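The values are calculated or read from the model by the stated rules, or taken from the named source; none is laboratory data. If you're wondering where the values come from, they're calculated on a predicted model, not measured in any experiment. Glycine gets a Cβ as well: all are built from the backbone with ideal geometry, and neighbour counts include every protein chain shown. Areas reflect the complete protein model, heavy atoms only, side chains present, ligands, DNA and RNA absent. Shrake-Rupley method; radii C 1.70, N 1.55, O 1.52, S 1.80 Å.
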Number of protein chains: 2
Amino acid sequence: MPSTIRRTFVVAASLFTLGGASLGAQATPLASWNDGPTKQAIMSFVRATTDRSSPQYVAPDDRIATFDNDGTLWVEHPFYTEGVFSFDRIAALAPQHPEWKTTEPFKSVIDHDEAAMEKFTESDLEKIVAETHSGMTVEAFNDVVSSWLATATDKRFKRHYTELVYQPMLELLSYLRENGYQTYIVTGGGQDFVRAFASRVYGVPRDHVIGTAGKTKFTYDAHGMAQLLKAPEILYIDDKAGKPEGIHLVIGQLPRAAFGNSDGDKQMLQWTQSGNGRRLMLLVHHDDARREYAYDADTKVGTFSDSLMADATKQGWLVVSMKRDWRRVFPFDP
Amino acid sequence: MPSTIRRTFVVAASLFTLGGASLGAQATPLASWNDGPTKQAIMSFVRATTDRSSPQYVAPDDRIATFDNDGTLWVEHPFYTEGVFSFDRIAALAPQHPEWKTTEPFKSVIDHDEAAMEKFTESDLEKIVAETHSGMTVEAFNDVVSSWLATATDKRFKRHYTELVYQPMLELLSYLRENGYQTYIVTGGGQDFVRAFASRVYGVPRDHVIGTAGKTKFTYDAHGMAQLLKAPEILYIDDKAGKPEGIHLVIGQLPRAAFGNSDGDKQMLQWTQSGNGRRLMLLVHHDDARREYAYDADTKVGTFSDSLMADATKQGWLVVSMKRDWRRVFPFDP
C-alpha cells in the first residue's frame, strides 16, 4: 500500500495546477455567472460591506463567509463523494478482513449489492465510517484520502471528484477573498476528509474547514514517539443545528455571508441573518438536469424541501438557479 | 445589569490602546529578553525556518506556533484568573438565587469561606462552571467576561488581569507573526473566556483561540430569531493529551513551535517535536519570586514537575528562567 500511495501522490501533485486558474485574481469577477438579479445582489453586498464610505461597511476582522460543501461547492449526486470513498475503502481493506465476506454491512459492500446498500441503516453506516475513518494516524488518513481522490472517478462525468466543483462558486470564493473576506467551509461531511483537498481545490486552508469531527487519541508509537490516532467515536456532527454550533466552536464569530443548498444549511443561514447590519444568505438550487442534476425533495442526499424554498422566499435569501444563473457549471465546461 | 455592562464596556474600550505599543512592529525584536542562549536559540529557530536559502526553511503555510495561556502568557498564580471570575460571578448572581445561601458549593463562595473553597471537589467546580459559563447566548457570555475584566483587579499587583501579561511573551508573539508565523493560543481554560480578550491583549483573533469548550445549543428566541446558547455540558477538555487533540480539531496541522509552562503542556510539546525538520519547544519556568512568583511542583495551578524538567533536559526543550532571561516581566515594569 505505501508504494501505491507514493505513486498516486505523484499523480495528485500533477493535479495541483488544475484549480490554479480559478484561484488567482480575477480580471472580471464572477465571469461564469450570467448577468441578472442574483449576480447583482452578490456584488451589491460585497460593495456595500467593503466600501469605507458605505453605511453598511464591515471591518475586515468581521468579514466571515461560510460555505457548505456537498451540493454547494461540488457535486453530491447521486451519492455523497465521501460515501463512495468509504465503500471503495471497504473493498480495498477487505483482503485484510476475511471475516467481512460473511459479515454485514461489509458483505454487501464487497459484493456491490446495491439493493442491500440502499437499505443500510444508520448503524450500518456508522460501522462503515468507523472502519474507514479511524484506527490510523491523522496523517495516514490524509494520505489515504489524497490517494483515493487522485485515482477515483465519477461514473457519469468520467472525471476525478475534485474536478466536479462548480466554477461559479470557485469564482465566488476568490471574489470574496479578494475583498477581504475569510472563506470557511462548513460541511456535514468529515472535517479531515475535506481538509485533504480544500486548500488545493478551493484555496481554503485546513484551519478554515469545519466539518463533522471524530474524536482523536493522543498516544505514543512503538518507539515512544507522540502520535495522534483517529478514534471511532464522533465528537460532533456538523449538520443542521450543528452548523452554527460548529461555526462558534471553530470561528467564534457570526458569519456575514452564508452559502448552502439544502435543508442541512437552514440553521446556518438563519443564524447568519440574526446579526445586525447587512448580511447575505444564498442557496444553490439544483435545477439543471442537462449540465448537472435537477433534484428537490425527491433525493437521498442534500434535500431542498418545499419548506426550505418557502423560508428562502419569506426571509429574502437568494436562490441560485444553476440553469439560469450559471454560464458554466464546471471548470472543464466549454 | 445591561446598563452596568454598557458602562464597563466604555471602560473596556479605553483599555484597548494598552497593548498597542507591544503589538506593533518591533524595531528591536525581543527587546525585553536578556541576551543569552535562550534568546539566541529563539532567534536562530526563526531565522533558520524563514530564510529561503536555509536547508531548514519552512513554507509560510506551515508556520504554526501554539501558546499555552495561564502561566505562559499571563499570571496564573495563586489562582487561575478564570477561577476568580467564576467565584466573582457566583457572588454577582447570588441575589437572583436565594437558595444558594444554604446550598453548597455556592454558600462557601458567597461567604468567602476560603478554607471550604480550598477543599472543593471536581464536582463542586463543575457546578460552579455550569452556573457561570452557561444558560446565556454566546454573545452575552462574551459581554459578561469583558465587563469583569474591565473592573476586577489582582490583589498583589493591584492591576487588571489583562495587564498581568508577560511583556517578553507579547514580543515573542509579535516577532513570530512578523516572520510569517500564525500564533494560536491552546489553553486548558475556557475557549470563550480567552476569546473575550485575546485579540485586544495578544493580537490573537477569536478563531486562533483553542480551549476547553462547552457545548452550545442552537435555538430560537421568543421572537423566532435564531440564537446560540451556552450549554452546561463540556464538549472537550483542552489540557494534557487534549492539547494535541484540540490542535488537530481546530488547526488540523502539527505546530512548528510550541510554548508552555507546565505538565499540562507536555503532550503539546511532544507532538510538536514528533514532526520532521526544525522545531522549537519552550517552557517558561517561574523562578522569580520578587518580580512575579517562584513555583514548581508545590502548587495547585500550573505544576512544573521534576519529571517535566527531566523531559525538557532529555528532549532539548528550551527552559526560560524568568529571573535570568527576562529584562522586564510586565508591560508596566520600569
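Things to note:
- Selection of region B:91-107 for residues being touching a helix residue (DSSP H, G or I) at 6+ places or on another chain (Cβ under 9 Å) and part of a helix (DSSP H, G or I) yields B:ALA91, B:ALA92, B:LEU93, B:ALA94, B:GLU99, B:TRP100, B:LYS101, B:PHE106, B:LYS107.
- Cβ pairs under 7 Å, 6+ apart, first in region B:310-327 and polar (S, T, N, Q), second assigned to a helix (DSSP H, G or I): B:GLN315/B:GLN273
- Out of A:ASP238, A:ASP296, one residue alone is of a type outside the set (Gly, Ala, Ser), under 25 Å from A:ILE42 (Cα atoms) and without any contact (Cβ under 8 Å) to a residue 60 or more places away in the chain. It is A:ASP296.
- Selection from region A:140-179 of residues that are closer than 30 Å to B:LEU254 by Cα and free of Cβ contacts under 8 Å to residues at least 40 places away in the same chain: A:ALA140, A:ARG177
Residue-by-condition table, conditions (1) hydroxyl-bearing (Ser, Thr, Tyr); (2) over 19 Å from the mean Cα position of the chain (by Cα):
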residue: A:HIS97; (1), (2): no, yes
residue: A:SER108; (1), (2): yes, yes
residue: A:GLU126; (1), (2): no, yes
residue: A:PHE157; (1), (2): no, no
residue: A:GLU171; (1), (2): no, no
residue: A:TYR175; (1), (2): yes, no
residue: A:GLU178; (1), (2): no, yes
residue: A:GLN182; (1), (2): no, no
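- Within region A:174-191, being part of a helix (DSSP H, G or I) and surrounded by 23 or more Cβ atoms within 10 Å (Cβ to Cβ) holds for A:LEU176, A:GLN191.
- Only one of B:LEU254, B:LEU282 that is away from every other protein chain (no Cβ under 14 Å), crowded, with 17+ Cβ neighbours inside 10 Å and under 29 Å from B:PRO55 (Cα atoms): B:LEU282
- Test: residue in region A:228-237 that is surrounded by fewer than 18 Cβ atoms within 10 Å (Cβ to Cβ), on the phi > 0 side of the Ramachandran plot, at the interface with chain B (Cβ under 9 Å from one of its Cβ atoms) and not acidic (Asp, Glu): no
- Among the conditions (1) touching a Phe, Trp or Tyr at 6+ places or on another chain (Cβ under 6 Å); (2) away from every other protein chain (no Cβ under 14 Å); (3) farther than 27 Å from B:ARG324 by Cα, B:PRO168 misses just one, which is (3).
- Taking the numbered list (1) buried (at least 20 other Cβ atoms within 10 Å of the Cβ); (2) in a loop (DSSP other than H, G, I, E, B); (3) more than 14 Å from chain B (Cβ to nearest Cβ) in turn, A:ARG156 passes all entries but (1).
Each row is one residue, and each column tells you yes or no for (1) free of Cβ contacts under 8 Å to residues at least 40 places away in the same chain; (2) buried (at least 21 other Cβ atoms within 10 Å of the Cβ); (3) not in a loop (DSSP other than H, G, I, E, B).
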residue: B:ASP35; (1), (2), (3): yes, no, no
residue: B:ARG47; (1), (2), (3): yes, no, yes
residue: B:SER53; (1), (2), (3): yes, no, no
residue: B:TYR57; (1), (2), (3): yes, no, no
residue: B:PHE79; (1), (2), (3): no, no, no
residue: B:VAL84; (1), (2), (3): no, no, yes
residue: B:ARG89; (1), (2), (3): no, no, yes
residue: B:VAL109; (1), (2), (3): yes, yes, yes
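- For region A:207-218, the set of residues classified as among the β-branched types (Val, Ile, Thr) and facing chain B (nearest Cβ under 8 Å) consists of A:VAL209, A:THR216, listed by residue number.
- Residue that is surrounded by the fewest Cβ atoms within 10 Å (Cβ to Cβ), among those in region A:257-279 that are more than 9 Å from every other protein chain (Cβ to nearest Cβ) and part of a loop (DSSP other than H, G, I, E, B): A:ASN276
- Every test in (1) of a type outside the set (A, V, I, L, M, F, W, C); (2) open to solvent by 20 Å² or more (accessible area, probe 1.4 Å); (3) touching a Phe, Trp or Tyr at 6+ places or on another chain (Cβ under 9 Å) is passed by B:GLY224 save one, and that test is (3).
- Selection count where residues are surrounded by fewer than 23 Cβ atoms within 10 Å (Cβ to Cβ) and facing chain B (nearest Cβ under 10 Å), scope region A:192-206: 3
- Scoring A:ILE247 on the criteria (1) over 23 Å from A:ALA48 (Cβ atoms); (2) in contact with a helix residue (DSSP H, G or I) (Cβ under 9 Å, 6 or more places away or on another chain); (3) open to solvent by less than 10 Å² (accessible area, probe 1.4 Å) leaves a single failure, condition (1).
- Unmet requirement for B:ASP62, which otherwise passes all of (1) within 28 Å of B:LYS323 (Cα to Cα); (2) in contact (Cβ under 8 Å) with a residue 12 or more places away in the chain: (1)
- Residue match in region A:303-326 (condition: open to solvent by less than 30 Å² (accessible area, probe 1.4 Å), among the aromatic types (Phe, Trp, Tyr), under 27 Å from A:ARG159 (Cβ atoms) and out of contact with any helix residue (DSSP H, G or I) (no Cβ under 6 Å at 6 or more places or on another chain)): yes
- Boolean, A:ALA130 is over 28 Å from A:ARG156 (Cβ atoms), surrounded by 16 or more Cβ atoms within 10 Å (Cβ to Cβ) and out of contact with any helix residue (DSSP H, G or I) (no Cβ under 6 Å at 6 or more places or on another chain): yes
- Residue within region A:201-219 that is under 30 Å from A:PRO331 (Cβ atoms), in contact (Cβ under 8 Å) with a residue 24 or more places away in the chain, out of contact with any Leu (no Cβ under 8 Å at 6 or more places or on another chain) and in a loop (DSSP other than H, G, I, E, B) present: no
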